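For reference, the structure discussed in these notes is given below.
The values are calculated or read from the model by the stated rules, or taken from the named source; none is laboratory data. Every value quoted in this text rests on a predicted model; they were computed, and no experiment measured them. Ideal geometry is used to build each Cβ from the backbone, glycine not excepted, and the neighbour counts take in all protein chains shown.
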Amino acid sequence: MSSTKRKPTMLEIAFAQAVKSIYVRFWRQVAAALGVVLGIAFFASVRTSQALTHLAPSGTADAEWATRLNWLSALSLVMCLVGISNSMLMSVTERYREIGTLKCLGASDRFVVFVFFLEALVLGVLASLVGTILGIGVAIGARAISDSVPDAPDVILAALRVGGISMLVGVALTVVASVLPAMQAARMPAAAALRVEV
Amino acid sequence: MNSAAADGQVPHHESELIVRTRDVAKTYVLGEHVVRALDGVSLDVHRGEYVSIMGPSGSGKSTLFNVIGGLDKPDKGSVYINEVDIAQLTPSELAFLRCHTIGYIFQTFNLIQVRTALENVTLPMLFAGMNAEEADEKGAQLLDAVGLGERLHHRPTELSGGQQQRVAIARALANAPAILLADEPTGNLDLRTGKEIIELLRRLNDERGVTIISATHDLKMLDVSDRIVYIRDGQIAKIETRGDLELSLGSVEGIGEEKW
């Protein structure tokens, strides 16, 4: 073998497979991503209005309103959790057969999980980014319509903080909700994975 | 690098056992029913043989297929591939076995939908650590060998059932396995296409010396098999060799040309 030819590493094969998977199943992936986008947008918007209220209590803002926002924030996190894990679970479950096939071709359990990890990572980052921008934008916009917005530097700082948290929550939830069922599918006997009909 | 093509041309060693099962039993629990899919199956398969496992649906032949292929674990008994008890293998050793020693063909083809014909065939080679250029070259050769040299870059959805099964066969041969396991390979194909696939399998068996074990209830398989193992209720009901068949089906055309 000439030295210019090199063997693709497992990471490269997995990455190529993940990219193909996203590309070919584009609309299915968009549907799954929408669940993440909406969940994160809701979470980010609640967190943003919470931050804005904290920065400059508006006319309507009082202690009761702040408590209510806290509840809303917690609720949005739960919604995120349910929405994201549901859409990711679905998209992994409908691919059990593919997992069984990959194993028949000699894929290690680790490779299978890795493909799903990469896919979820790409999906999670993109969807969370869209959701975060959407959520923060809507919250600031709504505040601008109903009330005055605090000073720009403060708002930007708050938005960045909320954005960071939202991205983290979104990506982490997407990856965990995808990798856990993928791990389970990879660990089961290939015949069982092939038998699963969705 | 060990040339995989050379491995494919292993001559027939009729005496060498490649698959051995001993008292294999497997039960499934379906709701309240306990289904005894396999009930003490002991079977020897020699290198280079073409063995058909016949039986009605629910007879346990698919379970036997899964157990031999290391896709499912038996509850009792052992399966030896090349005299290695596969129950003793770690998951990664099992993955290695699936990658290098066994090729799988399914009734439903099970191609990776997001990959083209060539990419499906090269995937096992990449798993085996081959470089991409060499894999592409060898994959094209294999697709050519199964009659799909013109359709390298078609996706599974752009291929007919028979063509998809040919891709699956080429993919199963990717790492020049010693054993080709086929589970109802003609089950989703029409009569003529099914016959073509069976002829292709027989040709690969002759040319490459690959051992073929096929679970089927397609009677067209009878013509080409060296041995037929009849499974009923999870047990081996009888085993017929080609010689027996020619005696009982002597008038069927296409069996044993030396007779004519």
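Summary table
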{"read-out": "Test: B:SER52 is of a type outside the set (Phe, Trp, Tyr), touching a residue at least 24 places away in the same chain (Cβ under 8 Å), more than 23 Å from B:ALA174 (Cβ to Cβ) and surrounded by fewer than 20 Cβ atoms within 10 Å (Cβ to Cβ)", "value": "no"}
{"read-out": "Condition check for B:SER92: out of contact with any Phe, Trp or Tyr (no Cβ under 8 Å at 6 or more places or on another chain), small (Gly, Ala, Ser), more than 21 Å from B:ILE231 (Cβ to Cβ) and modelled with pLDDT under 95", "value": "yes"}
{"read-out": "Residues that are within 17 Å of the chain's Cα centre (by Cα), modelled with pLDDT of 85 or more and not hydrophobic (A, V, I, L, M, F, W, C), drawn from the stretch B:1-54", "value": "B:ARG20, B:THR21, B:ASP44, B:HIS46, B:ARG47, B:GLY48, B:GLU49, B:TYR50, B:SER52"}
{"read-out": "Output for the stretch B:88-144, where each listed residue is under 21 Å from B:ASP183 (Cα atoms) and away from every other protein chain (no Cβ under 11 Å)", "value": "B:ALA117, B:LEU142, B:LEU143"}
{"read-out": "Residue among A:SER178, A:SER148 that alone is of a type in the set (Ser, Thr, Tyr) and either within 14 Å of another protein chain (Cβ to nearest Cβ) or part of a helix (DSSP H, G or I) (or both)", "value": "A:SER178"}
{"read-out": "Residue match in the stretch A:117-129 (condition: part of a loop (DSSP other than H, G, I, E, B), of a type outside the set (Asp, Glu) and under 23 Å from the mean Cα position of the chain (by Cα))", "value": "no"}
{"read-out": "Among residues of the stretch A:94-109, those that are in a helix (DSSP H, G or I), crowded, with 24+ Cβ neighbours inside 10 Å and without any contact (Cβ under 8 Å) to a residue 24 or more places away in the chain, counted", "value": "1"}
{"read-out": "From A:ALA152, A:ALA192, A:ALA139, A:ALA172, residue being among the small types (Gly, Ala, Ser) and either in contact with a Pro (Cβ under 7 Å, 6 or more places away or on another chain) or surrounded by 18 or more Cβ atoms within 10 Å (Cβ to Cβ) (or both)", "value": "A:ALA139"}
{"read-out": "Yes/no for B:PRO156 being out of contact with any Asp or Glu (no Cβ under 9 Å at 6 or more places or on another chain), under 29 Å from B:ASP72 (Cβ atoms) and more than 8 Å from chain A (Cβ to nearest Cβ)", "value": "yes"}
{"read-out": "Pairs where the first residue, in the stretch A:110-135, is at pLDDT below 95 and the second is part of a helix (DSSP H, G or I) and surrounded by fewer than 18 Cβ atoms within 10 Å (Cβ to Cβ), C-beta under 7 Å, 6+ apart", "value": "A:PHE111/A:MET10; A:VAL113/A:MET183; A:LEU118/A:PHE15"}
{"read-out": "Check on B:ALA117, more than 16 Å from the chain's Cα centre (by Cα) and buried (at least 24 other Cβ atoms within 10 Å of the Cβ)", "value": "yes"}
{"read-out": "Residue match in the stretch B:171-182 (condition: within 12 Å of chain A (Cβ to nearest Cβ), surrounded by 17 or more Cβ atoms within 10 Å (Cβ to Cβ), within 20 Å of the chain's Cα centre (by Cα) and part of a helix (DSSP H, G or I))", "value": "yes"}
{"read-out": "Pair list, Cβ under 6 Å, 6 or more apart: the stretch A:183-196 residue touching a residue at least 12 places away in the same chain (Cβ under 8 Å), other residue buried (at least 17 other Cβ atoms within 10 Å of the Cβ) and in a loop (DSSP other than H, G, I, E, B)", "value": "A:ALA190/B:LEU71; A:ALA191/B:LEU71; A:ALA191/B:ASP72"}
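Here's the yes/no breakdown for (1) within 30 Å of B:THR122 (Cβ to Cβ); (2) under 20 Å from the mean Cα position of the chain (by Cα):
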site: A:ILE22; (1), (2): yes, yes
site: A:TRP27; (1), (2): yes, yes
site: A:GLY35; (1), (2): no, yes
site: A:ALA63; (1), (2): no, no
site: A:ARG68; (1), (2): no, no
site: A:VAL82; (1), (2): no, yes
site: A:LEU89; (1), (2): no, yes
site: A:GLU98; (1), (2): yes, no
site: A:LEU102; (1), (2): yes, no
